């Protein structure tokens with residue numbers, strides 16, 4: 001069992017409140033997933049710049065001179081904004097891959113949570129309330145975001161096993177369920193050159209979507225593909241730079257509720273997660289159909 | 001009318017108060033405010049009382065009901081009226097998966113749609129859905145009636161025993177051992193009564209009946225190779 005929440009804003013005036021609304025939704029889903037929590041938030045990016053969100057178990061030592069050290073290697077200006085065990089590095093977009101490569105030797109203990117123009121991912125082991133507070137998620141603004149509360153089944157309770165997973169620029173995926181063909185698919189995707197860092201089943205689902213989109217599929221087409229190529233139980237919520245999608249496997253035993261108003265599209269594993277959203281009483285509320293892809297974009 | 005507001009009173013207090021009502025209680029009408037998707041609202045009741053829940057509930061609303069008449073003005077989460085024994089549960093909105101699962105008696109009415117596995121393993125309950133039902137509805141159904149005024153999803157009545165299934169709209173597919181059956185006068189009577197009690201504006205003559213082909217009841221040696 002896990003909990004998923006998602007919020008895609010149509011009304012830009014709500015953007016400063018995105019983090020606060022997602023935090024409330026996330027904390028409500030604590031009893032579906034008390035062991036870890038995470039959030040992907042799509043905030044403002046700067047033209048020509050990429051953001052790398054990194055995590056370290058030795059944040060003080062690893063982050064102290066990181067911006068200067070990385071900047072020297074890249075020959076570019078790197079800015080660092082720290083939040084607890086995470087830091088967001090801002091650097092020229094053209095050097096995002098070079099930065100990834102450099103970090104592997106510069107700070108081998110560092111984990112890269114995400115990269116892209118606007119995405120930032122924060123995830124840790126612990127109760128959702130505590131995790132959200134460590135990163136002050138409530139103060140974050142953005143256009144859309146996805147959160148996850150984890151009750152682990154397929155891999156260890158670690159930072160790396162927490163959701164969301166990001167396997168491509170500005171992409172992320174969260175999952176409620178378990179995949180049964182992830183080992184085989186992991187091998188196939190790795191051979192195809194897709195980056196997969198953990199032994200977690202969900203990361204393979206995320207990598208699959210990334211791979212399909214690399215082949216030219218739209219987000220909707222990539223999600224359609226999961227119905228044919230992934231075996232197991234899943235409700236997925238995915239984010240891209242400007243999009244937000246939902247798909248459930250054909251058995252659809254993992255719960256899902258959606259709500260839409262003129263101001264937002266919201267997702268919750270349960271209706272409880274949605275009750276504090278503005279105008280929820282007048283929202284269109286429905287249960288997404290099995291084996292049906294839903295997506296929205298800005 | 002007694003009112004319990006879940007915005008200020010705990011869920012356990014609601015359930016223990018309702019469960020404490022006897023058959024002779026004078027407090028026969030109850031109203032529950034601000035359910036806000038909470039789980040297990042009005043469960044395990046055993047008295048002929050009327051309970052109106054104003055809003056949307058989470059998992060297992062009205063589970064194990066005996067005698068009580070429970071009315072939810074919004075939608076309900078998974079497992080509404082699970083294992084109901086008697087009484088009535090009416091949902092004005094939609095129901096999530098496995099509505100009425102394992103129910104032994106009473107009447108469950110869903111005025112919107114029910115999603116997957118509606119009436120799974122039903123054992124005598126009557127379920128009337130004004131809208132559609134999702135896939136695998138009436139899976140392993142043993143007794144009772146499932147009435148669907150709209151359409152049914154995939155694998156209706158898979159591995160069914162002896163329940164009666166009535167569907168007015170389309171059936172996407174029938175499950176293993178579920179077949180269409182002749183609608184005889186006694187079935188029209190059962191259906192007429194259920195539609196009337198459920199407040200459904202539909203003619204019994206517009207429905208088709210489905211039930212068990214009874215071919216899975218006994219082991220067939222010709223299938224031995226399949227195991």
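The values are calculated or read from the model by the stated rules, or taken from the named source; none is laboratory data. These numbers were taken from a predicted model, which means no experiment stands behind them. Here Cβ is always computed from backbone atoms with ideal geometry, including for glycine, and neighbour counts include all displayed protein chains.
If you go through segment B:110-130, how many residues are surrounded by fewer than 24 Cβ atoms within 10 Å (Cβ to Cβ) and more than 19 Å from residue A:255 (Cβ to Cβ)?
The first filter runs over segment B:110-130 and keeps only residues surrounded by fewer than 24 Cβ atoms within 10 Å (Cβ to Cβ), leaving B:111-113, B:120-121, B:123-124, B:130.
Narrowing further to those that are more than 19 Å from residue A:255 (Cβ to Cβ): B:111, B:121, B:123-124, B:130.
Residues flagged as surrounded by fewer than 24 Cβ atoms within 10 Å (Cβ to Cβ) and more than 19 Å from residue A:255 (Cβ to Cβ) within segment B:110-130 amount to 5.
Is it the case that some residue within segment B:132-154 is at pLDDT below 95, in contact with a strand residue (DSSP E or B) (Cβ under 6 Å, 6 or more places away or on another chain) and either surrounded by fewer than 18 Cβ atoms within 10 Å (Cβ to Cβ) or in a helix (DSSP H, G or I) (or both)?
The initial filter retains those residues of segment B:132-154 that are at pLDDT below 95, namely none.
Looking through segment B:132-154, none of the residues is at pLDDT below 95, in contact with a strand residue (DSSP E or B) (Cβ under 6 Å, 6 or more places away or on another chain) and either surrounded by fewer than 18 Cβ atoms within 10 Å (Cβ to Cβ) or in a helix (DSSP H, G or I) (or both).
Read through the list (1) outside any loop (DSSP other than H, G, I, E, B); (2) at pLDDT 95 or above; (3) more than 9 Å from chain B (Cβ to nearest Cβ), then give the number of the only condition that residue A:272 fails.
Only one criterion in (1) outside any loop (DSSP other than H, G, I, E, B); (2) at pLDDT 95 or above; (3) more than 9 Å from chain B (Cβ to nearest Cβ) is unmet by residue A:272, namely (3).
Suppose we filter segment B:75-97 for residues that are within 19 Å of residue B:134 (Cα to Cα) and either surrounded by fewer than 20 Cβ atoms within 10 Å (Cβ to Cβ) or in contact with a helix residue (DSSP H, G or I) (Cβ under 6 Å, 6 or more places away or on another chain) (or both); how many remain?
So in segment B:75-97, the residues within 19 Å of residue B:134 (Cα to Cα) come out as B:75-82, B:90-97.
After this cut, where a residue has to be either surrounded by fewer than 20 Cβ atoms within 10 Å (Cβ to Cβ) or in contact with a helix residue (DSSP H, G or I) (Cβ under 6 Å, 6 or more places away or on another chain) (or both) as well, the list is B:92-93.
Counting residues in segment B:75-97 that are within 19 Å of residue B:134 (Cα to Cα) and either surrounded by fewer than 20 Cβ atoms within 10 Å (Cβ to Cβ) or in contact with a helix residue (DSSP H, G or I) (Cβ under 6 Å, 6 or more places away or on another chain) (or both) gives 2.
Just one of the numbered conditions (1) in a strand (DSSP E or B); (2) crowded, with 24+ Cβ neighbours inside 10 Å; (3) in contact with a helix residue (DSSP H, G or I) (Cβ under 6 Å, 6 or more places away or on another chain) is not true of residue A:132; which one?
For residue A:132, the failing item is (1).
Return the only residue of A:252, A:283 being within 18 Å of residue B:59 (Cα to Cα), within 14 Å of chain B (Cβ to nearest Cβ) and without any contact (Cβ under 8 Å) to a residue 40 or more places away in the chain. Even if it seems obvious, please write down each step before you answer.
Numbers: A:283 fails: within 18 Å of residue B:59 (Cα to Cα).
After applying the criteria, what remains is A:252.
Among the residues of segment A:34-44, is any within 22 Å of residue A:237 (Cβ to Cβ), touching a strand residue (DSSP E or B) at 6+ places or on another chain (Cβ under 9 Å), in the same structural domain as residue A:145 (by TED's automatic domain parsing) and surrounded by fewer than 16 Cβ atoms within 10 Å (Cβ to Cβ)?
Within segment A:34-44, none of the residues are within 22 Å of residue A:237 (Cβ to Cβ), touching a strand residue (DSSP E or B) at 6+ places or on another chain (Cβ under 9 Å), in the same structural domain as residue A:145 (by TED's automatic domain parsing) and surrounded by fewer than 16 Cβ atoms within 10 Å (Cβ to Cβ).
Could you say which residue among A:61, A:47, A:104, A:20 is over 22 Å from residue A:124 (Cα atoms) and either out of contact with any strand residue (DSSP E or B) (no Cβ under 9 Å at 6 or more places or on another chain) or not in a strand (DSSP E or B) (or both)? Explain how you work it out, then say what you get.
Working: A:61 fails: over 22 Å from residue A:124 (Cα atoms); A:104 fails: over 22 Å from residue A:124 (Cα atoms); A:20 fails: over 22 Å from residue A:124 (Cα atoms).
The unique qualifying residue is A:47.
How many residues does segment A:161-181 contain that are part of a loop (DSSP other than H, G, I, E, B) and buried (at least 22 other Cβ atoms within 10 Å of the Cβ)?
Keep residues of segment A:161-181 that are part of a loop (DSSP other than H, G, I, E, B), which gives A:161-164, A:166-171, A:180-181.
If we keep only those that are buried (at least 22 other Cβ atoms within 10 Å of the Cβ) too, we end up with A:161-164, A:166-167, A:171.
Matching residues across segment A:161-181 total 7.
Check segment B:98-114 and report whether any residue there is more than 14 Å from chain A (Cβ to nearest Cβ), out of contact with any helix residue (DSSP H, G or I) (no Cβ under 6 Å at 6 or more places or on another chain) and closer than 26 Å to residue A:29 by Cα.
yes
All but one of (1) part of a helix (DSSP H, G or I); (2) more than 14 Å from chain B (Cβ to nearest Cβ) hold for residue A:262; which doesn't?
Here residue A:262 meets the rest and fails (1).
Using the structure shown, decide if residue B:161 is surrounded by 21 or more Cβ atoms within 10 Å (Cβ to Cβ) and outside any strand (DSSP E or B).
Criteria not met by residue B:161.
As an exercise: evaluate residue A:148 against (1) over 24 Å from residue A:296 (Cβ atoms); (2) at pLDDT 95 or above and give the number of the one condition it does not meet.
Only one criterion in (1) over 24 Å from residue A:296 (Cβ atoms); (2) at pLDDT 95 or above is unmet by residue A:148, namely (1).
Please go through segment A:195-250 and give me each residue that is at positive phi and either assigned to a strand (DSSP E or B) or not assigned by TED's automatic domain parsing to the domain that holds residue A:270 (or both), ordered by number.
Kept after step one, since they are at positive phi, are these residues of segment A:195-250: A:216, A:232.
If the condition is that a residue be at positive phi and either assigned to a strand (DSSP E or B) or not assigned by TED's automatic domain parsing to the domain that holds residue A:270 (or both), then A:232 is the only one that fits.
List the number of the failed condition for residue A:220; all other conditions in (1) touching a strand residue (DSSP E or B) at 6+ places or on another chain (Cβ under 6 Å); (2) at pLDDT 95 or above; (3) surrounded by fewer than 17 Cβ atoms within 10 Å (Cβ to Cβ) hold.
(2)
Count, please, the residues in segment B:63-88 that happen to be under 15 Å from residue B:122 (Cα atoms) and away from chain A (no Cβ under 14 Å).
Selection size over segment B:63-88: 9.
Looking for whichever is under 29 Å from residue A:295 (Cα atoms), surrounded by fewer than 19 Cβ atoms within 10 Å (Cβ to Cβ) and in contact (Cβ under 8 Å) with a residue 40 or more places away in the chain here; the options are A:143, A:139, A:114. Which one fits? Before the answer, list the steps.
Numbers: A:143 fails: surrounded by fewer than 19 Cβ atoms within 10 Å (Cβ to Cβ); A:114 fails: surrounded by fewer than 19 Cβ atoms within 10 Å (Cβ to Cβ).
After ruling out the rest, the residue left standing is A:139.
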